[in-house]
Amino acid sequence: MNTYQVIYDIVRQIPYGQVATYGQIADLAQLYGKARLVGYALYRVDMQNSDIPWHRVINAKGEVSESPLRYGTDYLQRSLLEAEGIEFSPEGKVDLRKYLWRPGGE
DNA sequence: TCATTGACCAAGG
DNA sequence: TCCTTGGCCAATG
């Protein structure tokens, strides 16, 4: 099992209508303090063809991370989240208190 | 093979 | 409250 495979496996476990932070995923993947790998892994994932709900992964601030390298897929991510019933604050932030995924807590 | 980079996070100024 | 700095690991050129 490669490091990335673990990350992908966890991301696939994020339930509908909920989100998880990079640090949280890193924690579940036993990559304590290495949240960058999570972001890097998702950056390398094929967003178009993969079956990974990459749009449910956001940063610790509850915002959708955008980057010029993603050619506007950040907008797509926001749309997908809204389609799942997740609300965005006027500042473009998500209410982690309500939508943050709690592994095992259900 | 070495150096740079990249969707982050937490702490300090 | 916002911006800067350091640390972490893997992939790319």
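Brief remarks on what is shown
- Residue separation of A:LEU96 and A:ARG44 scaled by 0.36 nm, minus their Cα-Cα distance, works out to 16.2 nm of gained length.
- Set of lysines with alpha-carbon distance to A:LYS34 below 20 Å, sequence-local pairs under 8 removed: A:LYS61
- Label-point separation in nm, A:SER89 to A:TYR16, each point 7 Å along Cα→Cβ: 2.8 nm
- Dividing the summed helix terms, -39500 (n - 2.57) for each DSSP H run of n ≥ 4, by the number of residues in chain A produces a 222 nm estimate of -10500 deg cm²/dmol to the nearest 500.
- Label zone at A:THR3, where the point sits 7 Å out along the Cα-to-Cβ direction: segment A:37-80 residues whose backbone N lies under 13 Å: A:37-42
- Compactness check for chain A: Cα Rg over 2.2 N^0.38 Å is 0.99.
- Each Cα pair under 8 Å and six or more residues apart adds its sequence gap; the mean of these over the residue count of segment A:3-99 is a relative contact order of 29 percent.
Just so you know, all these numbers are worked out from the coordinates, no wet-lab data involved. The shown structure was predicted, so the numbers you read here are calculated from the model rather than taken from an experiment. With ideal geometry, Cβ positions are generated from the backbone for all residues, glycine too; neighbour counts draw on all protein chains shown.
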